[in-house]
Amino acid sequence: MLTTAADFYLIIYLRRRALTGTVALSLLGRHILLGVSGGIAAYKSAELARLLVKAGAEVRVVMTTAATEFVGPMTFQALTGHTVRSGLFDEEHEAAMGHIELARWADLVVIAPATADLMARLAHGKAEDLLTTLVLATPAAVAIAPAMNQQMWADTATQANLERLDEREYLIWGPAAGEQACGDVGMGRMIEPAEIAEKIDASFPGGRLDGISAMVTAGPTYEAIDPVRFIGNRSSGKMGFAVARALVEQGAEVTLVAGPVKLEAPKGVRRIDVESAAEMHAAVMDSIAGQALFVASAAVADYRPADVADGKIKKSAQSMTLELVRNPDILADVAALPEPPFCVGFAAETHDVVGHAEEKRTRKNLDMIAANHVGGETGGFDAADNALTVLWKNGSIELPMMDKQRLAHRLVELICDQFKKPEGDD
Ligand code: C5P
């Protein structure tokens, strides 16, 4: 898609503004789905996209077909670094991230501007294009910033739709009164992008771990047998990465010690890549001083081959025996430090989940343990969803099956509830 001259100048203008922008928000790692519908205020959404990216958010833009008549998708692509989606039946985009996946990806959906027509379609639960479909499919909150001619805003149909959306707990931001693009004066102007960005920021509570250092282990470990073979496991690292992200969103400074996984680190995280349990142990011990929180989500191999062959082992005998030796228990070692951080472990069990997890919590001297049932039909290792039973000294809670990122947010909320800031830290 080509950039029009107008789009080009808009991008240059916004980039210049980016150098002098004054809004100091923190949306680090937040996933914002920005919906743009077809009104003249669409050009202001480009400024909003820029502000959100500047505040650290990951922004994906979905435009209605009408919106693309006002601003070219390339403008948003240039500002967000991601292709803009518009059609519901776009094979190429669906292959990259399906619309349901995109709907689940969002932490917040913000539609700015929301035209009278879009409000009507939302009020009636229509799903005839990508944006309205995403709104129905998302578990996230949806905010709209209405923008339209003052007469259209005042019309009883629009007001009835507004009431419906309000009843359904849409966040309704604006409109403001003033001079309109058509020359009228009255209610219907979209509120300013900076104001929308502030409302987005305020809609995420966060900040409960401001200034706190946290370390997370994630993923599997690979234990070398020879230069080409290893013993490993199927851990994807998704849960640990989701926990790291949720900690960052609460304001923590996060170090993520990751085994071999195919995942991108969340924004703002210090990542240390390791392969074996011994490397993970060394990396953790090297940086554990000063950490107030330690979340061990890695599926560390319990054993490693006693000897690693220098060259590739040839097949000659009919059978072979590998001698395995125990790996250090990273979590237990951290919990046994003279001044341990608040320690959270994970326990994957096939039966008597709570009994085994509680035994593990006390044996390893942990502050909290998150237990999940593995095997059978229930979430776990490589799945997108999971369910946890979280246990601490004087309590426990069941977190039902849900997306791992949402689960991580809930777990981090519990950690925040139980974690006491060190004395004199306030
Ligand atoms: O004893 P078990 O392996 O079931 O304990 C699981 C918990 O201990 C997880 O939190 C895991 O990350 C941690 N662990 C560890 N080092 C090991 C084994 C487990 O940190 N060697």
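For the range 323-332, does any single residue satisfy the condition of being more than 10 Å from the ligand (Cβ to nearest atom) and either closer than 29 Å to ASP210 by Cβ or at pLDDT below 95 (or both)? Looking for residues that are more than 10 Å from the ligand (Cβ to nearest atom) and either closer than 29 Å to ASP210 by Cβ or at pLDDT below 95 (or both), one finds none in the range 323-332, hence no.
Listed by first and then second residue, the pairs with beta-carbon distance under 8 Å, at least 6 apart or on different chains, first residue in the range 64-81 and under 15 Å from LYS54 (Cα atoms) and in the same structural domain as GLU128 (by TED's automatic domain parsing), second in a helix (DSSP H, G or I) and among the hydroxyl-bearing types (Ser, Thr, Tyr), are PHE76/SER45. Filtering GLY219, GLY186 for residues that are within 16 Å of the ligand (Cβ to nearest atom), touching a strand residue (DSSP E or B) at 6+ places or on another chain (Cβ under 7 Å) and not hydrophobic (A, V, I, L, M, F, W, C) leaves a single hit, GLY219.
For residues that are open to solvent by less than 40 Å² (accessible area, probe 1.4 Å) and modelled with pLDDT of 95 or more, scanning just the range 186-211, find the one that is farthest from LEU48 (Cα to Cα). Talk me through it step by step, then tell me what you get.
Of the residues in the range 186-211, the ones open to solvent by less than 40 Å² (accessible area, probe 1.4 Å) are 186, 188, 190-191, 193-194, 196-197, 200, 204, 206-207, 209.
This time we only want the ones that are modelled with pLDDT of 95 or more, so: 188, 190-191, 193-194, 196-197, 200.
Details: GLY188: 18, MET190: 12, ILE191: 11, PRO193: 5, ALA194: 7, ILE196: 7, ALA197: 7, ILE200: 10 Å.
Checked the range 186-211; the qualifying residue farthest from LEU48 (Cα to Cα) is GLY188.
Taken over the range 340-364, residues that are over 20 Å from MET280 (Cα atoms) and open to solvent by 30 Å² or more (accessible area, probe 1.4 Å) amount to 11. Taking the criterion of being more than 29 Å from ASN386 (Cβ to Cβ), surrounded by 10 or more Cβ atoms within 10 Å (Cβ to Cβ) and among the hydrophobic types (A, V, I, L, M, F, W, C), the residues of the range 311-324 that qualify are ILE313, LEU322. Here the condition is being in contact (Cβ under 8 Å) with a residue 40 or more places away in the chain, open to solvent by 20 Å² or more (accessible area, probe 1.4 Å), basic (Lys, Arg) and closer than 30 Å to GLU163 by Cβ; of ARG104, ARG121, it holds for ARG104 alone.
Yes/no matrix, rows are residues, columns are (1) away from the ligand (no atom under 13 Å from the Cβ); (2) assigned to a loop (DSSP other than H, G, I, E, B); (3) of a type in the set (Lys, Arg):
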residue: VAL284; (1), (2), (3): no, no, no
residue: GLN291; (1), (2), (3): yes, yes, no
residue: VAL308; (1), (2), (3): yes, yes, no
residue: LYS315; (1), (2), (3): yes, yes, yes
residue: GLN318; (1), (2), (3): yes, yes, no
residue: THR321; (1), (2), (3): yes, yes, no
residue: VAL334; (1), (2), (3): no, no, no
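Name the residue, out of GLY345, GLY268, GLY355, that is in the same structural domain as LYS238 (by TED's automatic domain parsing) and on the phi > 0 side of the Ramachandran plot. Unique residue meeting the criteria: GLY268.
Identify the single condition in (1) under 23 Å from the mean Cα position of the chain (by Cα); (2) without any contact (Cβ under 8 Å) to a residue 60 or more places away in the chain; (3) open to solvent by less than 20 Å² (accessible area, probe 1.4 Å) that PRO220 does not satisfy, given that it satisfies every other one. If we test PRO220 against (1) under 23 Å from the mean Cα position of the chain (by Cα); (2) without any contact (Cβ under 8 Å) to a residue 60 or more places away in the chain; (3) open to solvent by less than 20 Å² (accessible area, probe 1.4 Å), just (2) comes out false.
The values are calculated or read from the model by the stated rules, or taken from the named source; none is laboratory data. Everything numeric here is computed off the predicted structure, so don't read it as measured data. All Cβ positions, even for glycine, are placed from backbone atoms using ideal geometry, and neighbour counts span all protein chains on display. For accessibility, only protein heavy atoms count, side chains too; no ligands or nucleic acids. Shrake-Rupley method; radii C 1.70, N 1.55, O 1.52, S 1.80 Å.
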